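Participant: Pasting a structure here, questions to come.
The values are calculated or read from the model by the stated rules, or taken from the named source; none is laboratory data. Bear in mind that the values here come from a model prediction, so they are computed numbers and not experimental data. Remember, those area values only see protein heavy atoms, side chains included, never the ligands or the DNA or RNA. Shrake-Rupley method; radii C 1.70, N 1.55, O 1.52, S 1.80 Å.
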Amino acid sequence: NAPIDYIAICSERNAHLIAAAPDLLEALKSCAAVCAGEEMSKSGLIRALEQARAAIAKATGETT
């Protein structure tokens with residue numbers, strides 16, 4: 001049996017969060033790499049922080 005996909009109703013209140021999900025995932029991966037010591041340069045840390053802040057702003061509907 002194939003898995004069943006469900007269609008979710010998205011309210012406008014959650015639209016920013018859903019649209020930002022891919023960006024949030026990439027930002028989390030970058031932050032995890034920094035925390036794990038895979039990216040120890042200052043520029044890597046700054047890039048991960050900027051990426052995280054931009055994804056958070058997109059998810060919350062704020063402008064940067």
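Participant: Can you pull out every residue in segment 6-22 that is of a type in the set (Asp, Glu) and part of a loop (DSSP other than H, G, I, E, B)? It would help to see each step written out before you state the result.
Facilitator: Let us first name the residues in segment 6-22 that are of a type in the set (Asp, Glu), namely 12.
None - no residue of segment 6-22 is of a type in the set (Asp, Glu) and part of a loop (DSSP other than H, G, I, E, B), so the list stays empty.
Participant: Mind counting the residues in segment 1-34 that are modelled with pLDDT of 85 or more and of a type outside the set (A, V, I, L, M, F, W, C)?
Facilitator: As a first pass, look at segment 1-34 and keep what is modelled with pLDDT of 85 or more: 15-34.
Filter again for of a type outside the set (A, V, I, L, M, F, W, C), leaving 16, 22-23, 26, 29-30.
The total comes to 6.
Participant: State which residue is most open to solvent (accessible area, probe 1.4 Å) when the search covers only segment 6-52 and only residues that are within 14 Å of the chain's Cα centre (by Cα) and basic (Lys, Arg).
Facilitator: So the residue we want is Arg47.
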